[in-house]
Structure formats: structure tokens, C-alpha cells
Amino acid sequence: MPELYEELGLTTEEYQRIVETLGREPNKVELGMYSVMWSEHCSYKSSKEQLQKLPTEGPRVLLGPGENAGVVDIGDGMAVVFKMESHNHPSAVEPFQGAATGVGGIVRDIFTMGARPIACLDPLRFGSLDSARTRYLFEGVVAGIASYGNCLGIPTVAGDIYFEEAYEENPLVNVMCLGVMPVERLIKGQASEPGSVGVLIGSGTGRDGIGGVSVLASQEFDENSEQKRPSVQVGDPFTEKLLIEVCLEMLEKDLLLGLQDFGGAGLTCATCETAERGGCGMDVDISKVPLREPGMEPIEIMMSESQERMFAICSEEDLEEVLSVCRKWGVDATPVGVVTEGDMLRLLSGGEVVAEVPASSLARGPEYHRDAEKPDYIDRVTGFDTGTLSPPEDMGKALLELLGSANICSRRWVFEQYDHMVRVNTVVLPGSDAAVLRTKPLEKGIALSCDCNGRYCYLDPYVGAQIAVAESGRNVACTGARPIAVTNCLNFGNPEKPGIFWQFCRCVEGLAEGCRQLATPVVGGNVSFYNESFGEAIYPTPVIGMLGLLEDVGDRVGSAFAAEGDSIVLLGDTGDELGGSEYLKVIHGKVAGRPPVVDWAAEKALVECLTRAASARLLSSAHDLSEGGLAVALAESCLQGGIGASVQMPGGLPPFVAAFSESQARAIVSVSEDNLSALEGIAVEAGVPARVIGTTGGDRLEAGAFSLSLSEMRSTYEEALERMLAGS
Amino acid sequence: MRFGVVIFPGSNCDHDCFYVLGEVLNQDVKYVWHQSTDLSGFDCILLPGGFSYGDYLRTGAVAHFSPVMKSVERFAADGGMVIGICNGFQILLEAGLLPGAMMRNTGLKFICRFVDIRVETTSTPWTCGAYEHQVLRIPIAHNEGNYQVPYQTLEEMKLRGQVVFRYCSPASSVSGEFNPNGATENIAGVCNREGNVLGLMPHPERASEAELGSTDGLVIWRSLLDHCGVEVPTIL
């Protein structure tokens, strides 16, 4: 059936491999199952080889990549479960539901492991806000995230947002979720005991989302993309909220042997992955699957990506209790499968076998070695010499322009639509470098940050990916937390193109280097390819989700200036590094030059200095330097604290370079007079250059080359996003 | 004092309220499943925030048919203390235990942020420990907080001191500028004639510990404990 396999997104070679595996031609149902499981989205067939390069082990890692989410030991018997995923393609087609179901999917990944989800983060990328379509997508995505996450009662505490023309046709909607649990509650998505029962819990199965992973997520977009809207699922956060409570109650009562969510590839994925992980087979009676509409074909039932469904494995003895917990919460539950000896996934319908394939052959798809070749554009764009830039006529005006630019201005319009306080754990609210959550009844704090500057990655994927790791590490360190582990979402164009695959390889190598340096293993993540429209790819965007740990949440530090008369200390060295900077883009309209250099010794020393100073409770505030450099960081600390500052920019550089350079491994901290020498001592020991550059106080930011009032900066910074959304 | 925190399907501030009442205020607190009808032994019933039944219909419209609500009605009629926070307030409105109705925020967006509210009367059990026009800094988090009530009813409510909280400036001035959701006359919380049933949109449980940025919510809890003759824990 050549037409069908091609339509389903399989290649001729893949089809032949299926025939070889089965020793016969697959029937239509089987072919459908292979097509979704062997899609790029599910099988990682292009990325697997490269992902081997990532460090995945460490003393805290309880479970690395391969399960539904990574699990990290934070001590005192508690574990953190976290992961990031993309929902890019669905969100481009239908922003509200695409983003909403993205939240739903990642949240299921977390409670599937036994953890209560306690925080979500959303890294987003869009085109320029000048475009009406971007504004529509952006507003829809934010509303979708809000509607789903708020209803679940999981605070959305952080994220990052960039607007770049490269994302015009392909917005990125990445979603990260984090949960906590007692270590012993960890449960895997496996079916390892023959005779045990597979129970389908939650929503009915409908015709929505059929082929989402193969048709939507694993192909480029073109003029027909609008027709793909039926492949986007529709979210029901209320049912998901009930599923969270049902699953956690069943785990609390120790009723389950395995638990798996329904994500991409629906029932096919849930059954074959649990069987494969447990080294068993499974008989599934699809005639028992509750359907939303009559007349659904077996292939539709197996490929449907209807949301809010879970697959629980329990013993026959515990089945009645499992069903009773579901009844209590008003959630449908139907035993549909029996775990069997061997390896065979058999689908039955009214006694008739409709499909019979080895579970492992579905779960372990093909792997490809893709060609990689450095694309031509790199030398062209990095050849730009930032030394030729002339200083701005008015530094204050340049700073205001940056503060009012799309990538730097306040995100309040976004995060106030998210309930970021529910669960009463958020002790550092959105707007700082990283969100901090307490972990009552423990004293510990969890710091979370998502980062990736796609522009740096476009100019130099290897350096850009390292900077993403460095910045996220710095962000959590600014709160006083030690970076301990990483999840990621790797967003790229079409991997079948050597130039794109080169970007991917270099980013993975950069990520690997960064994570090794910071000793933050990668415990899970997601790859999203084919973010490409009409042959134009997005910037390579390997988003990092960093987990930091504070042994005592009372040690946390915010980024707002906290008191008048504190000394402001610049940690780290400033070089002439305007390549790929926000200044270069906003003031000169250029994306060019070399991104800042990464110096891991300096980054690690800075992390050491910040965390030690925080645990000695020396710091009034700490703020990472990133886009917009020192000037923007100072302005942000002033605005957040409502306290001005008087500073001298570091010498030896033209003032505008000192102000806007994006040199890495830097932070500004404020300390009281009493604590200054202790901080300086720690900086010396850690090997971090520390210079007092000024003091806090007043209602202006005075920096010699410019002087701006807080009120002027505030109105520019706070109102920019809404102004741009109004299309003015 | 014995508190019951009702869990409706979709409640999501139930754990937060349970934690604050039990761990911060050191009171006896139990969960009450929405299908339960036995409220004997409780001194105060709390309807928490969240999205009961997903709020797919009008907010609170389905939850008020839960079996527990008949009992809450009786409990209130017998003088028991009842507080509804956010979605809990919306459910009390739907149940007719408080006057008025809720519409979508005028900005048509969910809003989560700290706001200032002014204590409009100190003669309720919920505010007897506050001072006149005290400003409390407490977060809101809702999509439907645009409180509406017929003019005549509102006038009567004002005469009887049923308007308990209004959104205001940090310096306690009540004006449209500080109204986050379009609520009539900046109303953030109201009580029934007898004063034993309170509904409010702001979340006092999110402002009951210094670690979370405000302890102003304690003013409400402390008033309640005081009114009920409970010794107020020293930490408050």
C-alpha cells in the first residue's frame, strides 16, 4: 500500500523495514501505528545519535532521559521531577488550543511519574510584534497557557519570550513543568507483570489529533498548513485536574504497578512503550475503549491524540479499588488491556485480532545518521566588525529604546495572566532572574529559569548553546541557588538539510560542554524539528530549563534593589562584546558579529561567589547581566525596587560599549556597607573580579554618560508590550 | 476552632487554605468532600478558590448543586461561619447565600497580582480586628471578579454594612484607577445581613506569611478567631 504509507509520513525504506520485522505486509492498523511511533516526534530518529553526547549522570540523578520525565534527588527523601516539551506546530495552527494542550501534555508527564506538579514555565518565541499575525498568535498562546494552567491550579512562575523575525511563521511554544514527591513514590511507565491489567482512565477517545505527531510535528509548513487544524487537539483542563488527583490518590494508596500518560501517538504509544519498558507484551481490546463518536475505525482509535487520558497498570486484585478511586472523582475508567508474556502487542476487537506487532519494534524506531555541513551564512554574518560602530548621540535615549524594546521590556502583561501564586510556594515572583519556590515542609528552595538567546545560536550554535546553559546557571545562582540539573527543548528546522543538522550538532555539543562544566546533567528533554516554513528555518533554539537548589529558602535573593545607600558591585569583567547584542539589533537593526565569549572558569567562579554570598546572607539583591548589558540590568534592579542608583560605568571601554556589551559571567549585586568587605573577600577567594561601581538611592539612574528618572524608565519599560500589542 | 475546607471537583486552593489554617494558624482543620452532607462539629466552613467543574458554565453555577451546599445553607442559617474565597465567593453568589453576581473582568483577562483592599466596616466577624479603613495588601487571581448587584440591593447592603472590602490605592483611596476588574463601586468582598457569611475575591491564604510577601491576610483570620472566642496564636 504505497500511497498510504507515504501519506502517513513513512519512507519506502521504513516501510520495507516493517515488512521485514513482521515477515509480512502490515495491515492498515499496523501501518498507522508504525507511522506515529516512527515519526520524528516519537522516535527521535534523527537526533538520537547526537543526544548521546549529553552528560546524563550525576549523584543526584534518580532517573535520566528515556522515561516520561527526569527525576532528581534534592535530599531529605524528596525528589524533583521535571521536563520541557514543545507544542510549536499545533500552536502555529491554533494558538489557544495548541498552547493549552501543550501545558496539559507536559503536566501529565510529571504526575505520571508520581509527583504533584507544582510549577510551570513557558519559553515562547514569536515573530515581530509589528505583524498582526504575530500579535494574534502571541495573545492566543498566552491566553491558552493561562486558561489551562490556571484551571489546574499549577502556578506558571517563569519563562522567557523573544520576538525575532525568524519565528514569524514558526512560533515556538515550549512548556516546562516541575513536580515534587517523596522518593519512594517514583513510579515508572511500565507493564512488567504478566496478568496485570491496563486501565484507560479519563476522557473518551475521539477523532481529534489524529496523526498529530506525524502530520503536524514532523513536517515543514507550507500554504496548506491551515488545513491541518483538525490535527490540533482540544483541551479540557477540568478533566486533567481530576486526573492529577485520581492518579496521585491511587499512588498514595499504592495501587499501581505502572503509569503512563497518553501523549503523542495516543493509545499506540501508551501500550507499546509500557510493554516494551517492562519487557512484556500486551493484549488490548479496543472494542472496550470509550469513544466520543460511533463508527471510529481501529486505526483512528489507535492514533487518536485525544487529551486527558492516562494508562494505569495494576494487579487484578487492585482493579476494583482503582475503579473506585476513579468513580469517587467522577472520572471514567475502563480496563482495556492485559499484560502478557513475550513481546507481542495484540489488538483485539470483538475477539478478532486487528493488529499484532512486537511492542519493541514500535517503541524502538529507526535511527538515522544525518549529514551535517556548516551553512554559508555563518561566515557572512559573523564577519561584521562591531568596532566600526559609532557611539549613540544620546546614551539615555538609547537605554530608553532598549527598555522599551520587545525583547527587554516588562513581561507583566504576560505573567499577570498566569496564576503564579497558587499553591502558596512562590517566594520569588516572576520578573526576577529566576522564580523561587519553597518546598514546605522542607526548608529547601527550588529556583527555576528558562533561557536561550536564539540570535547567539544563529551566529554561533556551539557558543550560543553554551551561553544558554551559562545564563540559566547564572540566573538561578543570582537567587542564591546552586544549579543542579537541566532539561531542554531543542527547536530546529528540517534535520534532513545538512546546514540545519550542523546547527543541531553544534548546539548539542555546546550544551554538552556547558552541562559538563556546570556539573548539571541533562535528565530529560525534547527535540522539535521541522520548525520551518516555505524553506526558511527558525533560529536554532536550544532552550534550557535549569533547576537550582537552595538548601535554605531563607537565603534567597531577589533582583530588586532593596535599600537606599547600598553599594552596587559589578561582578565579572566587561569586554567589547556587542556582537549579536540587543543594542546592535535595536539601535542598528543588525543581527551580526560574534556572540560573546564563554569563559567557563569565570562562570563557575561567579556561581560560587553568588551562592556563597547568598548563604552568608550578604546580598540585598543580585541580578544577572544578559541582553542589554549593564545599563539594562541596573535599570531593571532600580525599577523593581523603586530605588534609583548612581554609578560609574567600567572604564577602559567607550561608555556605550561598557553600558551595552553583553559579556558573559557577570552580575550586579547590592550590599549594605556592613557586608561589603565580606562580599569582597568571597569574590577574591572565588576568583571573581569585583568592583564597587556606585550606590543605590534617589529616584534616578545616574551614570555619568546618562541620567534618567525612574518614572520615565518605568513608563517606557512597563507600557511597551501593551503598546506594541495595540499595534502602535 | 474547627474548620472544614470543602473540596469540589476542580477546587485548587483547597490545599493552600488547609495548610494556612492548620500549619500557620494552628487550628483544627478537615477536608469536606463535596458530596458529604454532614457538617456537624465544624465552626467554620471554607469554600476555597479554583475552577469548580472547570467553570465551563458560569463560575460556581454547577458547584452550587453539590450535595454539600444544601448543608452549607443550613449551617449558615444556624449561624455557622462561612467564608468563600474567589471561586468560593462565586459559588456563594450562585447559591444565593450572598447577594449579587459575578461577570468577567472588564479587561477580559485573568489577573493575578497583589492588590490593595480597604476594610469598609469593622463590625463584621471577619474584620473586627482591623482598624477603620485599614488597607490590606492581598493577591487576587481571577477571570470573573466583576461584582454586580442591583442598585436597590446595593443601597440596602451599604446601609447594613454588608460591603466589607473595596479595591483601593495603597493610601486607601477608592477610585476607578484601582479597580482591577470593573466591580461595582470597587467591591472586593461582601457579607450577608447577619455577617456570618463572607465572600471575597482576594486570597487571604496567599498573604498569611511574611515569606510570601504579605501577612495582611492574617487580619481576617485573626478577626475570625477573636470573634469566635479562640485564643489567637502568639505568632499572629
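No value in this document is a laboratory result; all are computed from the given coordinates. Quantities reported herein were computed from a predicted structural model and do not represent experimental measurements. So basically every Cβ, Gly included, is an ideal-geometry build from the backbone, and we count neighbours across all protein chains shown.
In summary, the aspartates and glutamates within cross-link reach of A:LYS53, defined as a Cα separation below 12 angstrom excluding same-chain residues under 8 places away, comprise A:GLU509, A:GLU513. Restrict the search to the range A:294-402; then list the GluC sites (Glu not before Pro) that DSSP places in a loop and that have at most 15 other Cβ atoms within 10 Å of their Cβ. Hits after loop and neighbour filter: A:GLU316, A:GLU317, A:GLU341, A:GLU367, A:GLU373, A:GLU393. Only the Cβ atoms of Lys and Arg (+1) and of Asp and Glu (-1) were treated as charged; on that basis the dipole of the range B:2-227 about its Cα centre amounts to roughly 360 debye. Sparse packing (at most 12 other Cβ atoms within 10 Å of the Cβ) combined with a DSSP loop state is found for none of the GluC sites (Glu not before Pro) in the range A:520-568. Potential lengthening of the chain between A:MET344 and A:GLU7 amounts to 118.7 nm, from the contour at 0.36 nm per residue minus the alpha-carbon distance. Couplings 3J(HN,Hα) of the range A:529-540, computed from phi: 9, 6, 7, 8, 9, 6, x, 9, 8, 5, 4, x Hz, in residue order, whole Hz [Karplus 6.51 cos²θ - 1.76 cosθ + 1.60, θ = phi - 60°; x for Gly and Pro]. Normalising the Debye intensity of the range A:557-728 to I(0), with uniform scatterers on Cα atoms only, and taking log10 at q = 0.13, 0.15, 0.19 Å⁻¹ returns -0.63, -0.84, -1.27. For trypsin sites (Lys or Arg not before Pro), the sites in the range A:324-398 that DSSP calls loop and that have at most 16 other Cβ atoms within 10 Å are A:ARG364.
Translational diffusion of the range B:2-227 was estimated from the Stokes-Einstein equation, with Rh taken as the Kirkwood radius over Cα pairs; at 25 °C and 0.890 mPa s the coefficient is 144 µm²/s. When the protein assembly as shown is described by a simple charge dipole with +1 on each Lys and Arg Cβ and -1 on each Asp and Glu Cβ, the residue from A:VAL357, A:LEU152, A:ILE106 located farthest towards its positive end is A:LEU152. Under a 5 Å amide H cut-off, with hydrogens placed 1.01 Å from N, A:ASP332 pairs with A:GLY202 among residues at least 5 apart or on other chains.
When the scattering of chain A is computed by the Debye formula from its Cα atoms alone, each counted once and equally, what is log10 I(q)/I(0) at q = 0.06, 0.08, 0.11 Å⁻¹? The Cα Debye sum returns log10 ratios of -0.34, -0.60, -1.10.
Principal axis analysis of the Cα atoms in the range A:450-582 yields extents of 56, 34, 24 Å, listed in decreasing size. Among the listed pairs A:LYS45/A:LYS241; A:LYS497/A:LYS585; A:LYS48/A:LYS374; A:LYS440/A:LYS604; A:LYS253/B:LYS70, a Cα-Cα separation exceeding 22 Å is found for A:LYS45/A:LYS241; A:LYS497/A:LYS585; A:LYS440/A:LYS604; A:LYS253/B:LYS70.
Can you tell me how the range A:337-404 classifies by the Cα gyration tensor, rounded, prolate or oblate, using a/c under 1.5 as the rounded cut? Judged from the Cα gyration tensor, the range A:337-404 comes out prolate (a/c at least 1.5, a/b above b/c).
Rounded if a/c is under 1.5, else prolate if a/b beats b/c, else oblate: with a ≥ b ≥ c from the C-alpha gyration tensor eigenvalues square-rooted, which is the range A:238-394?
Since a/c reaches 1.5 and a/b is larger than b/c, the shape of the range A:238-394 is classed as prolate.
Dividing the summed -39500 (n - 2.57) terms of all DSSP H runs of n ≥ 4 by the residue count of chain A sets its mean residue ellipticity at 222 nm at -11000 deg cm²/dmol.
Under a 5 Å amide H cut-off, with hydrogens placed 1.01 Å from N, A:THR205 pairs with A:LEU291, A:ARG292 among residues at least 5 apart or on other chains. When each pair of different Cα atoms in the range A:1-158 is counted once in the 1/r mean, what is the Kirkwood radius in angstroms, to one decimal? The Cα-based Kirkwood calculation yields 18.6 Å. What fraction of the DSSP beta bridges in the range B:2-227 is antiparallel, stated in percent and rounded to the nearest 5? Restricted to the range B:2-227, the bridges split so that about 60 percent are antiparallel. What would the Debye equation give as log₁₀ I(q)/I(0) for the range A:641-728 at q = 0.12, 0.17, 0.20, 0.25 Å⁻¹, counting only Cα atoms as equal point scatterers? Calculated log10 I(q)/I(0) at the listed q: -0.52, -0.92, -1.12, -1.29. The long axis of helix A:498-518 is offset from the longest Cα principal axis of chain A by roughly 70 degrees. Here the range A:436-584 is treated with +1 on each Lys and Arg Cβ and -1 on each Asp and Glu Cβ, and its dipole about the Cα centre works out to around 540 debye. What the phi angles of the range A:108-116 give under the Karplus curve with 6.51, -1.76 and 1.60, with θ = phi - 60°, is a coupling list of 4, 4, 7, 6, 4, 7, x, 9, 7 Hz, glycine and proline written as x. Only one residue of B:PHE3, B:VAL164, B:ALA183 has its Cα farthest out toward the positive end of the dipole of the range B:2-227, where Lys and Arg carry +1 and Asp and Glu -1 on Cβ, and that residue is B:ALA183. Here the protein assembly as shown carries DSSP beta bridges of which approximately 75% are antiparallel, counting only pairs with both residues inside.
Backbone amide hydrogens, once placed in the peptide plane, bring A:ASP160 within less than 5 Å of A:ASP122, A:LEU124, excluding anything fewer than 5 places away on its chain.
When the charge dipole of the protein assembly as shown is built from unit charges on Cβ atoms (+1 for Lys and Arg, -1 for Asp and Glu) and taken about the Cα centre, the candidate among A:THR388, A:MET296, A:PRO441 whose Cα reaches farthest toward its positive end is A:PRO441. Length gained on full extension, A:GLU20 to A:ALA726, computed as 0.36 nm times the residue gap minus the Cα-Cα distance: 248.3 nm. Annotation: the residues A:MET250, B:MET103, A:MET724, sorted from fewest to most other C-beta atoms within 10 Å of their own C-beta, follow the order B:MET103, A:MET724, A:MET250. Each residue of the range B:110-120 was assigned a 3J(HN,Hα) from its phi angle through the Karplus expression (A = 6.51, B = -1.76, C = 1.60, θ = phi - 60°), giving 5, 10, 10, 6, 5, 10, 9, 10, 9, 6, 8 Hz with x at Gly and Pro. Rounded to the nearest 20 debye, the dipole magnitude of the protein assembly as shown is 1440 debye, with +1 charges on Lys and Arg beta carbons, -1 on Asp and Glu beta carbons, and the Cα centre as origin.
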